[in-house]
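K.L.:
Here you go, one structure.
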Amino acid sequence: MADHRPPTIDPVAAQHWDCVAPAHSPWLHEEVARRMEDRLQWIRLEPRAWGHWEPVRGGLQAHAMLERRYRGAENFVTETRAYRARAAAAFLAKPWWRRWGHPAPRHGPAPDGGVQMLWANMALHMSADPQAMIAQWHRALATDGFLMFSCLGPDTLRELREVYAALGWTPPAHEFTDMHDWGDMLVQAGFAEPVMDMERITLTWEKPARLLQELRELGANLHPARFPALRGRGWKHRLEQELARCLRGSDGRLALTFEIIYGHALKPAPRVRVSEHSAVSLQDMRALLQADRRPRE
């Protein structure tokens, strides 16, 4: 498993989505962020600094919860696109919760080894190169710091996939990675003790049009085998009819399943064997020396 790049994600489509994704947080992302923040109560480490990865899409409201939990801690806001960076800066400029001593966020990438907690909500499943993204998170974390992330899992949209398959249409979305594979990637990137968890959330809608609108806000179909041209009004009308027929439950509402994967992992002290031909980075050497000074139990 040397290469974990998702085989069903078109890199060009993923880059395009990253450039045009709406500059706001979908409701589902905010709800997942709220549930993930609740899990922080079980982690004893109090970071002096923490990083928020792409909060505009991942959940700007979650930033307030994290600031309240880690009062006084420095925080970095990282957005990879300029238009979302402007949206984040505008939203976080003078919110009401920062009137009582919360440090203002620093916009831009966290320095290497500069944070003890990295928060990344609902970003990984839309990346064509998740290994590179995980490596960025690893570099930003200090030794003994921890990562908190979430993403969509393979059971997501299973009802919609069944509808498309029954009609002989190309897939409605790319495949989502299993949580065990995410755990393997974390270990390969240098993380330790990954803990993976999942839950399923069912969302319901009254009408097919509202369902499709919310799906467009959540993401895009990045599958290489997706329909290569524009669909017509007749196809959309047929789709809405099929959704109303196949997804309607006993309560009269249309339902879709979303599998949510939660991940937590630590960045351990690097293990480097020094010989006369070894090259050790200054950051790794400092971490090794600090680890040697820790009291042994």
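Read-outs throughout are calculated quantities, based only on the coordinates presented, and are distinct from any laboratory measurement. Quantities reported herein were computed from a predicted structural model and do not represent experimental measurements. Virtual Cβ from ideal backbone geometry, glycine too; neighbours counted across all protein chains shown.
K.L.:
Per the Debye formula with a single identical scatterer at each Cα and no solvent contribution, what log10 I(q)/I(0) holds for the stretch 122-227 at q = 0.10, 0.14, 0.22 Å⁻¹?
P.N.:
-0.37, -0.67, -1.27
K.L.:
Taking a ≥ b ≥ c as the square roots of the Cα gyration tensor eigenvalues, with a/c under 1.5 meaning rounded and otherwise prolate when a/b beats b/c, else oblate, which class fits the chain?
P.N.:
Details: a/c = 2.18, a/b = 1.66, b/c = 1.31.
Prolate shape, in that a/c is at least 1.5 and a/b is the bigger ratio.
K.L.:
Take the stretch 107-153, drop everything but the C-alpha atoms, weight them equally and run the Debye formula without solvent; then report log10 I(q)/I(0) at 0.21, 0.24 Å⁻¹ to two decimals.
P.N.:
-0.71, -0.89
K.L.:
Grab the other residues whose beta carbon is less than 13 angstrom from that of ASP18, score K and R as +1, D and E as -1, and report the net. Don't skip to the end; give the middle numbers.
P.N.:
Working: positive: ARG57, ARG81, ARG84; negative: ASP10, GLU54, GLU79, ASP129.
Net of charged neighbours comes to -1.
K.L.:
If you take the beta carbon distance between LEU45 and GLU159 as r and set R0 to 45 Å, what does 1/(1 + (r/R0)^6) give as a FRET efficiency, to the nearest 0.05?
P.N.:
Step by step, r from the Cβ atoms, then E = 0.70.
K.L.:
Shifting gears a bit: Report the gain in length on full extension from TRP17 to ASP112: 0.36 nm times residue separation, minus Cα-Cα distance, nm rounded to one decimal. Present the calculation step by step, with values, prior to reporting the outcome.
P.N.:
Working: separation 95, 0.36 × 95 = 34.20 nm, distance 2.73 nm.
That pair, TRP17 and ASP112, stretches by 31.5 nm at full extension.
K.L.:
Note down the magnitude of the dipole of the chain about its Cα centre, charges +1 on Lys and Arg C-beta and -1 on Asp and Glu C-beta and zero elsewhere, to the nearest 20 debye. Don't skip to the end; give the middle numbers.
P.N.:
On the way: 39 positive and 36 negative charges, 204 e Å.
That gives a dipole near 980 debye.
K.L.:
Where does each of 119-125, 163-169, 133-139 land if you order them by average Cβ count within 10 Å, highest first?
P.N.:
My ranking of the peptides, most packed first, is 119-125, 133-139, 163-169.
K.L.:
Put +1 on the Cβ of every Lys and Arg and -1 on every Asp and Glu Cβ in the chain; which of HIS102, THR78, LEU60 then has its Cα farthest towards the positive end of the dipole?
P.N.:
HIS102
K.L.:
VAL77's amide H: which non-local residues (gap 5+, or another chain) put their own amide H closer than 5 Å, with H modeled 1.01 Å from N in plane and none for Pro or chain starts?
P.N.:
HIS52, ARG106, HIS107, GLY108
K.L.:
With charges only on Cβ, +1 for K and R and -1 for D and E, what is the dipole size of the stretch 1-43 about its Cα centre, in debye, rounded to 20?
P.N.:
Working: 4 positive and 7 negative charges, 20 e Å.
Value, rounded to 20: 100 debye.
K.L.:
Continuing with this model, one more query. Gap in Å between the Cα centre of the stretch 169-223 and the Cα centre of the stretch 17-93?
P.N.:
A separation of 19 Å, based on Cα centres.
K.L.:
If you don't mind, there's one more thing I want to ask. Any idea which of GLN188, HIS138, PRO228 is furthest toward the positive side of the dipole for the stretch 106-229, if Lys and Arg beta-carbons carry +1 and Asp and Glu beta-carbons -1?
P.N.:
So the residue we want is PRO228.
K.L.:
Cα gyration tensor of the stretch 1-157, axes a ≥ b ≥ c as square roots of the eigenvalues: rounded (a/c below 1.5), prolate (a/b > b/c) or oblate? Please list the in-between numbers first.
P.N.:
Working: a/c = 1.64, a/b = 1.37, b/c = 1.20.
Cα axes put the stretch 1-157 in the prolate bin.
K.L.:
For the stretch 166-230, how big is the tail of P(r) above 19 Å, as a whole percent of Cα pairs? It would help to have the intermediate numbers written out before the result.
P.N.:
Numbers: 1206 of 2080 pairs.
For the stretch 166-230, the fraction of Cα-Cα distances above 19 Å is 58 percent.
K.L.:
I've got another one for you. When the dipole is taken about the Cα centre of the stretch 183-223, and only Lys, Arg (+1) and Asp, Glu (-1) are charged at their Cβ, what size is it in debye, to the nearest 20?
P.N.:
On the way: 4 positive and 7 negative charges, 66 e Å.
Computed about the Cα centre, the dipole is about 320 debye.
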